[in-house]
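Peer 1: Following this message is one structure expressed as structure tokens.
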Amino acid sequence: MQQFFQYYGRVQGLWGSLLGLPGWARGILFLFALPGIVALALSIAAVLCSLLALFLLTVPVYRFLRVLVGRSPSTPIGEMPVAETSGRRHVDVKIIE
């Protein structure tokens with residue numbers, strides 16, 4: 001826990017030293033940090049694009065397979081259609097204390 005507070009103090013000191021710089025120096029620092037910020041933004045956009053492509057390719061196949069095995073996409077997983085009950089009976093239980 002002591003290391004956490006040491007790191008926190010270092011970050012606060014760095015932040016204070018950055019805010020202590022004149023405006024033109026912070027501007028130059030921002031210009032040098034800009035390529036990294038752009039790369040980070042593009043990486044996040046690439047991850048989101050990959051997730052979208054994954055869902056666009058797999059969701060239609062998933063729905064088709066659900067229909068193929070006899071469950072519609074709106075049917076909950078634990079609930080089977082009436083035609084496929086395979087001889088099971090539903091029993092209502094009431095517990096009386």
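The values are calculated or read from the model by the stated rules, or taken from the named source; none is laboratory data. Here the structure is a predicted model, which means the values were calculated and not measured. Positions of Cβ are backbone-derived with ideal geometry, glycine not excepted, and every protein chain shown enters the neighbour counts.
Peer 1: Among the listed residues Ala33, Ala41, identify the single one that is modelled with pLDDT of 95 or more and out of contact with any Cys (no Cβ under 9 Å at 6 or more places or on another chain).
Peer 2: Criteria check complete, one pass: Ala41.
Peer 1: Scan segment 44-97 for residues that are modelled with pLDDT under 80 and of a type in the set (Ser, Thr, Tyr) and report the count.
Peer 2: Residues meeting the conditions: 5.
Peer 1: Could you list all residues from segment 27-49 that are over 27 Å from the mean Cα position of the chain (by Cα) and surrounded by fewer than 10 Cβ atoms within 10 Å (Cβ to Cβ)?
Peer 2: Scanning segment 27-49 gives Leu31, Phe32.
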